[in-house]
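Below you'll find the structure, written out as structure tokens, and then a few comments.
The values are calculated or read from the model by the stated rules, or taken from the named source; none is laboratory data. This one's a predicted model, so the numbers in the text were calculated from it and none came from an experiment. All Cβ positions, glycine included, derive from the backbone under ideal geometry; neighbour counts span all protein chains shown.
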Amino acid sequence: MVAGAPRNFLAQMRRGAIEFCVLALLEERPRYGFEIAKDLADADGLVTSEGTIYPLLARLRQDGVVETYWEESSQGPPRRYYRLTEDGKSALGAFVVQWRRFRDAVDGLMQGVKCV
């Protein structure tokens, strides 16, 4: 293990979970890209940029887990909204089951750690 590596751990964890965080936001309601980026930035540890979000959203759309539609905006040009598909709901559900198992296993192992 390399000194200073924990900074990398957060980036790696974020990279692995960010797409499912986007799906979780879209489960609540459809959102447009900038809104998704803002909501992720507001969550501790999930800071991301529009430059990261839009390629991710394009990939999620290609994968068939989100679909898009356009809606007029009173504050500028029309906005592209993203919403979950049935495949997206299934993918999110499967992730949540595995995430909880993983989280519980890690929490169980870290419970006795004294070096924090």
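Could you grab me the full set of residues in segment 60-93 that are touching a strand residue (DSSP E or B) at 6+ places or on another chain (Cβ under 6 Å) and of a type in the set (S, T, N, Q)?
Once the filter is applied, which keeps residues that are touching a strand residue (DSSP E or B) at 6+ places or on another chain (Cβ under 6 Å) and of a type in the set (S, T, N, Q), segment 60-93 yields THR68, SER73, THR85.
Scan segment 31-43 and report the pairs whose first residue is farther than 15 Å from ALA17 by Cα and at pLDDT 90 or above and whose second residue is assigned to a helix (DSSP H, G or I) and of a type in the set (Asp, Glu), with Cβ atoms within less than 9 Å and a gap of 6+ or a chain change.
Hits for this filter: ARG31/ASP39; GLY33/GLU50; PHE34/GLU50.
In this structure, is THR68 among the hydroxyl-bearing types (Ser, Thr, Tyr), at pLDDT below 90 and surrounded by 10 or more Cβ atoms within 10 Å (Cβ to Cβ)?
No; evaluated as a whole, the condition is false for this residue.
What number of residues within segment 46-76 satisfy the criterion of being in contact with a Lys or Arg (Cβ under 7 Å, 6 or more places away or on another chain) and within 12 Å of CYS21 (Cβ to Cβ)?
Total meeting the criteria: 1.
If a residue must be under 18 Å from LEU92 (Cα atoms), among the small types (Gly, Ala, Ser) and in contact with a helix residue (DSSP H, G or I) (Cβ under 7 Å, 6 or more places away or on another chain), how many such residues does segment 25-72 contain?
Within segment 25-72, residues that are under 18 Å from LEU92 (Cα atoms), among the small types (Gly, Ala, Ser) and in contact with a helix residue (DSSP H, G or I) (Cβ under 7 Å, 6 or more places away or on another chain) number 1.
Out of segment 60-116, which residues are among the β-branched types (Val, Ile, Thr), in a helix (DSSP H, G or I) and under 15 Å from the mean Cα position of the chain (by Cα)?
VAL96
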